[in-house]
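The next block holds one structure in the form of structure tokens; read it before the comments.
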Amino acid sequence: VKVVVTGAAGQIAYSLIPRLVDGKTFGDKIVDLCLVEIPQVVSKLEGMVMELEDSYFPQMGNVTYTDNFEKASHDADWFLLVGSIPRGIVYEGKKIEERSDLLKINGGIFVNQGKAIGENGKDNAKILVVGNPANTNALIGRNAAGKDSQLWMAMTMLDASRAKSVISKKAGSNISDVKNMVIWGNHSPTMYPDIENAVINGQPGSVVIRDMDWVENSFLPTVQQRGKSVIDARGASSATSAAKAALDTIIACENITEDGDCFSAAVASDGAYNVPEGLICGYPLITLADG
Ligand code: NAD
Ligand code: LMR
């Protein structure tokens, strides 16, 4: 399997890349990596490749790096589009507070990358957009690619994992006891983590959690604003948890979903749930036997 990762010298990538080849994400498949960065920092990837070589990864195949996305995109199965600027930076004299404010900085990246993926990626390639604003960037990339057989996703798995963590603490159960966790809408403060349809210890969330005041005033804002809380505490945006969520999205797509469960990602709407067609929206997804 060939995986292209952009932003390969960044924070998320440092947690993400080694785990793509550790035999857990893609099982026993041999994983070829193509790491992409901007010209100013691409040479740093030589160090990343050295560390990968020094780490004893039997499933690791061919590893290359480049600042040429077009070249990297040929025949890739997976594209992890992480490369983009996180919020918190000062741009044109103003601090970037919301993910949507990143659109004017990051949006353009996804036009050329989208075109290259449409032209050169495998027909059944899967594309996970991590860079913010993730939903809009995915829309831009998908439109530029113009190939419906490729699956474009914006990452909402991190929001789902955050929601599971908060729910499991409230319910006094293990995080793995929370299933069917859907994040509706956008990876933004308007996202809707659906506690009602979650399944907690085999019971509907609406039965287990009856404290609506807690849902409205604690659960929802905690999950919706968790990215900002991490930035405030860490001085940098979430990285290791974002990497884990990207890996979990790949695993969810590569394996049949268990009965009674689903996973979260934002994909182009086919009109389901009355979401306008073509809009990238967080949905409950399952993977079937045919992939
Ligand atoms: P970072 O600044 O540490 O790394 C980003 C890297 O991207 C940098 O090395 C930069 O040189 C590179 N880059 C920029 N433009 C590029 C391009 N055109 N091609 C290739 N590489 C390029 O940032 P990070 O912490 O790794 O975060 C990356 C992005 O992920 C940010 O936009 C952040 O907001 C977003 N993010 C999303 C989620 C989510 O749940 N969807 C979670 C966390 C972070
Ligand atoms: C997150 O949710 O942690 C990321 O989208 C980073 C951010 O800006 O909040």
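The values are calculated or read from the model by the stated rules, or taken from the named source; none is laboratory data. Everything numeric here is computed off the predicted structure, so don't read it as measured data. Note that we place each Cβ from the backbone using ideal geometry, even for glycine, and neighbour counts take in every protein chain shown.
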Given (1) at pLDDT 95 or above; (2) not in a loop (DSSP other than H, G, I, E, B), index of the condition Pro58 fails: (2)
Some residue of segment 45-56 being loosely packed, with under 14 Cβ neighbours inside 10 Å and over 22 Å from Thr240 (Cα atoms): no
Count of segment 235-246 residues which are part of a helix (DSSP H, G or I) and more than 10 Å from ligand 2 (Cβ to nearest atom): 4
Enumeration of residues in segment 269-290 that are touching a Cys at 6+ places or on another chain (Cβ under 8 Å) and more than 18 Å from Pro193 (Cβ to Cβ): Ser269, Ile286, Thr287
Extreme residue, surrounded by the most Cβ atoms within 10 Å (Cβ to Cβ), among residues of segment 89-135 that are of a type in the set (S, T, N, Q), more than 16 Å from ligand 2 (Cβ to nearest atom) and not in a loop (DSSP other than H, G, I, E, B): Gln113
Which listed residue is among the charged types (D, E, K, R), touching a Gly at 6+ places or on another chain (Cβ under 8 Å), surrounded by 14 or more Cβ atoms within 10 Å (Cβ to Cβ) and over 25 Å from Arg234 (Cα atoms), from Asp32, Asp67: Asp32
Of the criteria (1) without any contact (Cβ under 8 Å) to a residue 24 or more places away in the chain; (2) touching a Pro at 6+ places or on another chain (Cβ under 9 Å); (3) not aromatic (Phe, Trp, Tyr), which one Ser55 fails: (1)
Boolean, Gly278 is closer than 19 Å to Met181 by Cα, more than 14 Å from the chain's Cα centre (by Cα) and in a loop (DSSP other than H, G, I, E, B): no
Count - residues of segment 61-88 that are within 16 Å of ligand 2 (Cβ to nearest atom) and at pLDDT 95 or above: 5
The lone exception for Ile89 - which of (1) away from ligand 1 (no atom under 11 Å from the Cβ); (2) under 22 Å from the mean Cα position of the chain (by Cα); (3) more than 23 Å from Ile250 (Cα to Cα) it fails: (1)
Search result, residues across segment 179-195 that are surrounded by 12 or more Cβ atoms within 10 Å (Cβ to Cβ) and either free of Cβ contacts under 8 Å to residues at least 24 places away in the same chain or out of contact with any helix residue (DSSP H, G or I) (no Cβ under 7 Å at 6 or more places or on another chain) (or both): Lys179, Asn180, Val182, Trp184, Gly185, Tyr192, Asp194
Boolean, Gly172 is touching a residue at least 40 places away in the same chain (Cβ under 8 Å) and farther than 15 Å from Ser238 by Cβ: no
Matching residues in segment 136-153 - criterion: being within 16 Å of ligand 2 (Cβ to nearest atom) and touching a strand residue (DSSP E or B) at 6+ places or on another chain (Cβ under 7 Å): Asn137, Ala138, Met153
Segment 169-210, residues that are closer than 19 Å to Ala242 by Cβ and part of a helix (DSSP H, G or I): Ile175
Conditions (1) more than 16 Å from ligand 1 (Cβ to nearest atom); (2) buried (at least 19 other Cβ atoms within 10 Å of the Cβ): number failed by Leu80: (1)
Yes/no for Asp261 being acidic (Asp, Glu), touching a residue at least 24 places away in the same chain (Cβ under 8 Å) and out of contact with any Pro (no Cβ under 6 Å at 6 or more places or on another chain): yes
Residue in segment 213-226 that is at pLDDT 95 or above, within 16 Å of ligand 1 (Cβ to nearest atom) and either touching a strand residue (DSSP E or B) at 6+ places or on another chain (Cβ under 6 Å) or charged (D, E, K, R) (or both) present: yes
